[in-house]
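Have a look at the structure below, then the notes.
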Amino acid sequence: MKYFNGFSLQGEEELFTPYLLNSDYYVAGFSYGAQQAFEYVYHRKGRIDRLIVLSPAFFQTEKPSFIRTQLRYFEAGQESYAKQFLENAAYPSGVDLSNYFDLGTKEELEALLNYTWDRKKIQEVLDRGITIEVFLGEDDKIINTQKAFDFFRPLTTTYLMKSVGHILKS
């Protein structure tokens with residue numbers, strides 16, 4: 001399986017073992033990594049059976065002022081921004097993500113915040129016979145779960161999990 005890390009994280013895939021299957025034909029990504037995993041699958045011509053999207057970074061419904069504010073906070077203090085981000089990602093579980101901390105870049109944050117999930121591209125991936133599973137946590141403090149659910153549900157197999165946050169743990 002090919003896995004893509006979330007923003008400011010490295011090696012966190014072990015947190016998601018209940019959702020991941022060991023197969024050469026599976027691709028998975030968490031949060032920012034979900035965007036990268038999707039683009040990898042979309043552009044890849046070889047065999048892929050399943051794309052597992054874990055708490056996809058979904059900000060396309062946010063106002064431009066929200067995105068500017070996030071970037072400004074990051075520029076003002078990258079490490080404190082990333083640590084607060086990880087604290088919010090761990091909520092409500094209290095899981096310590098510091099072992100996975102890897103300071104992201106402004107370019108990565110900008111790409112994450114400005115990414116647009118494209119229905120047409122998703123349908124093209126599905127038309128190639130690739131199954132897409134999306135996992136969302138009801139208590140996510142990073143994204144608007146309801147807006148993400150409403151977007152992905154008509155297109156993909158989408159799971160809205162109760163009492164879990166961005167890292168899909170309670």
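The values are calculated or read from the model by the stated rules, or taken from the named source; none is laboratory data. Just so it is clear, the structure is predicted and the values come from calculations on it, not from any experiment. A quick note on method: Cβ atoms are made from the backbone with ideal geometry, for glycine too, and the neighbour counts reach across all protein chains shown. What goes into the accessible areas is simple: the full protein's heavy atoms, side chains included, and nothing from ligands, DNA or RNA. Shrake-Rupley method; radii C 1.70, N 1.55, O 1.52, S 1.80 Å.
Dipole of segment 12-124 computed with +1 at Lys/Arg Cβ and -1 at Asp/Glu Cβ about the Cα centre; of Leu112, Tyr73, Asn22, farthest Cα towards the positive end is Leu112. Atom-type composition of the exposed protein surface of the chain places 45 percent of the accessible area on carbon and sulfur (1.4 angstrom probe).
Quick check: the distance between the Cα centres of segment 95-128 and segment 137-154, to the nearest angstrom? The distance from the Cα centre of segment 95-128 to that of segment 137-154 comes to 14 Å.
Dipole orientation for the chain: of the candidates Val134, Ser55, Phe101, Val134 has the Cα lying most toward the positive pole (charges on Cβ; Lys, Arg +1; Asp, Glu -1). Just need log10 I(q)/I(0) for segment 1-81 at q = 0.13 Å⁻¹, Debye formula, equal scatterers on the alpha-carbon atoms, no solvent, rounded to two decimals. The computed values of log10 I(q)/I(0) come out as -0.49. DSSP beta bridges fully contained in the chain are about 5 percent antiparallel. Rolling a 1.4 Å probe over the heavy atoms of the protein chains gives segment 7-49 an accessible area of 48 Å² per residue.
Entry comment: accessible area of segment 101-170 is 50 Å² per residue, from protein heavy atoms only and a probe of 1.4 Å. Here the chain was treated as a single set of alpha-carbon atoms; its pair distances binned every 5 Å from 0 give 2, 9, 18, 23, 21, 16, 8, 3, 0 percent. Only Lys, Arg, Asp and Glu carry charge here, each on its Cβ (+1 for the first two, -1 for the last two); on that basis segment 18-88 has a dipole of about 200 debye about its Cα centre.
Straight Cα distances below 21 angstrom link Lys162 to the lysines Lys141, Lys147, with same-chain residues fewer than 8 positions distant left out.
Computed about its Cα centre, the charge dipole of segment 1-138 is approximately 540 debye, with only Lys, Arg, Asp and Glu carrying charge at their Cβ.
Computed per residue of the chain from DSSP H runs no shorter than four, each worth -39500 (n - 2.57), the mean residue ellipticity at 222 nm is -11500 deg cm²/dmol.
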